[in-house]
Structures are given as C-alpha cells and as structure tokens.
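Report on one structure; see the data block that follows.
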Amino acid sequence: MIFRNNDIYQLIPQRPPMFMVDVVWAATESDADTGLTIQENNIFVENGLFREPGIIEHIAQSAAAFAGYGTFVRGEQPKLGYIGEIKDCVMHEFPHVGDELRTRIELVAEVNGIRLINAEVHVQDILIATCQMKIFLKDD
Amino acid sequence: MIDNYYTVLNCTTTDHRSGVVNVRLNADCSIYDGHFPGNPVSPGVCNINMIRECAEQISQCKLRIKRIKQCRLTTLITPLTHSQLDVNIDLSEQSDGSLKLNASIGNEGENYLSLKAELTDE
C-alpha cells in the first residue's frame, strides 16, 4: 500500500509547512521506503538547495511515518514522535529543488517506546546522507 | 533560512571562536502551524539550524554541517515554555581545515540540547 501526500496525514501528525515526507512506498515491521520531492517553496530550501535541517527532518518524519504505518495497520491514531538523539549523521550533498529523495529506514531496536533507526537518503545513485536516530514516541 | 523563527537579543564573543548568543523564540513563526497543530513544539532540527547560524555569527563565516557526531535533545523546547535561550558555541580548527563544534542550548544553568559536529566553510 503506497501513501502519498495527504494520505500521510494518517501516519504522522506534522502538517505544512513542516511536512517533509510526500510518499511512503512500502513498510514492513523492520524497514520502510519513503520519499520527498523538493519543492521550491520548501521552508528548508536556501539558494536552491535543501539544507541540513530539511534533510534531518525528512529522516525523522520518515521514521515517524514508518512507526505510524504500524499504528495505522492496527487501526490506531499516529503518535507524536520527538527526536531524542542523532548520531553519526553525515551529510554528503545538499539536494536541489526538483530532486526526489529516496530514503530507506531500518529499525535497529525498539525499547519502551524508543525506536532506534538507521537511515540512508539517496537522490538516484547519489548518497545524500546517512544517519542514526533515536525517536521517542509519546503515548496519549 | 526559516523566517522569524528566532530573534537575536545579544551576542558575546571575544575571539570569534567561542561565545554565547541569547535568543528569543518567536511563537508566531509559521512553522508552528504544522509542528504541531494546536501544540507548538520547537523542532529539534530548527534548533540545530539556529546553532549553525549562531556559529556563523560568532565566526563571521558561512558554515555548513558536514557531520553530526552526536546531538542529544533532552528537553522538549516550546516557544511558550522556553521563550529565551542561550546558544553556547565553541569552535576549534581541525588539521583538515574543518571546524569542530561543541554547542549547547540552555537557560539558567539547565541544558536542553547538546551538539557535537563538524562544520566546513561554504
């Protein structure tokens, strides 16, 4: 099941202008593939480049959409997720306006509502960023 | 980059390598329309970007983040509960020409976010 644009509102609580995932291609228990096309009016674009906070937020929201996919399948509302820790996040290139990010998220561990994930962001064959992140999911 | 996210109230540096920037978060920034609707929470990534911009102000150089070695976000920051913040910047030059950054965001002795990163000149 592919989620696009507003469909993703069912998976994550973020909304424009802070909405940084526009497609969820697939998700399983252990990984997910997401994407984002960089629009010119994206708040994290500067001089035609999608800058650091945009890349990191895209990873965080991809991880949130991955978690939200699980809650959606169980018929629950998406939970608020917060970044608890970022580790070894290397930003090789800044994507350009019009580029399509393709992102792979892998779940490394999940303990007491804390999810540890690894992320890899590409534009076609170009590696944009790799990152490890701890996300806290808040129970209502 | 993000319009109206914060206002610099004061910036103190003696050597353009370390210093403190006192800022006020603006609750009417449009980012809070979406993060989250009816529940404004300052995005961690915007605070990391604010650190980068404060490092630019201190060093008088345009900087990009090459690598975040570690960033710990220990306190939920909102513009309502944490309107004034100190951004502490400490830069040191590496042998490869990059800058090592140790930074934190806090207020009145409390630490909300700490960042270790490598920056390069743009």
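Specify the angular offset, from 0 to 90 degrees and rounded to the nearest 10, of the alpha carbon long axis of helix A:52-73 from the longest principal axis of the alpha carbons in chain A.
Helix A:52-73 sits at roughly 30 degrees to that axis.
May I ask you to derive the FRET efficiency for A:Glu110 and B:Asp90 from their Cβ-Cβ distance with R0 = 51 Å, giving the value to the nearest 0.05?
The computed FRET efficiency comes out at 0.90.
For labels at A:Gln124 and B:Ser30 in the simple 7 Å Cα→Cβ model, what's the distance in nm?
It is 3.1 nm.
At a 10 angstrom cut-off on C-beta neighbours, averaged per residue, how do the peptides B:107-113, A:48-54, B:36-42 rank from highest to lowest?
A:48-54, B:36-42, B:107-113
Of the options B:Ser95, B:Thr12, B:Asn47, report the single residue whose Cα projects farthest towards the positive end of the charge dipole of chain B (beta-carbon charges: Lys, Arg +1; Asp, Glu -1).
B:Ser95
Along the Cα-to-C-beta direction of A:His92, a point sits 7 Å from the Cα; which residues of the range B:66-80 have their amide N less than 18 Å from that point?
Correct set: B:66-69.
Give, rounded to the nearest 20 debye, the magnitude of the charge dipole that the protein assembly as shown has about its Cα centre when Lys and Arg contribute +1 at Cβ and Asp and Glu contribute -1 at Cβ.
With only Lys, Arg, Asp and Glu charged at Cβ, the dipole is about 360 debye.
How many Cβ atoms of partner chains, on average, are near each residue of A:70-82 if near means within 10 Å of its Cβ?
Mean partner shielding for this stretch: 1.
For the protein assembly as shown, what D do you get in µm² per second when you plug the Kirkwood radius from alpha-carbon pairs into Stokes-Einstein at 10 °C and 1.306 mPa s?
86
Assigning unit charges at the beta carbon (Lys, Arg +1; Asp, Glu -1) and nothing else, what dipole magnitude in debye, to the nearest 20, does the range B:12-102 show about its Cα centre?
Dipole of the range B:12-102, to the nearest 20 debye: 320 debye.
Ratio of chain B's C-alpha Rg to 2.2 N^0.38 Å, to two decimals?
Normalised by 2.2 N^0.38 Å, the Cα Rg of chain B equals 1.03.
Helix B:44-59 against the longest principal axis of chain B: what's the angle in degrees, Cα atoms only, rounded to the nearest 10?
Its long axis makes an angle of about 40 degrees.
Quick one: putting +1 on the C-beta of Lys and Arg, -1 on the C-beta of Asp and Glu, what dipole do you get for chain A around its Cα centre, in Debye to the nearest 20?
Working: 11 positive and 21 negative charges, 71 e Å.
That gives chain A a dipole magnitude of about 340 debye.
Could you compute the FRET efficiency for A:Arg15 and B:Asn22, with r as their C-beta to C-beta distance and R0 at 25 Å, rounded to 0.05?
0.25
Find which of A:Met133, A:Leu80, A:Ala26 sits farthest along the positive direction of the dipole of chain A, computed with +1 on the beta-carbon of Lys and Arg, -1 on that of Asp and Glu, about the Cα centre.
Among A:Met133, A:Leu80, A:Ala26, the one farthest towards the positive end of the dipole of chain A is A:Leu80.
How big is chain A along each principal axis, measuring the range of its Cα positions in Å and listing the largest first?
Principal axes ranked by extent give 40, 31, 24 Å for the Cα atoms.
Every number here is computed from the coordinates shown, using simple stated rules; none is lab data. Note that the structure is a prediction, hence the values are computed from the model and not measured. So basically every Cβ, Gly included, is an ideal-geometry build from the backbone, and we count neighbours across all protein chains shown.
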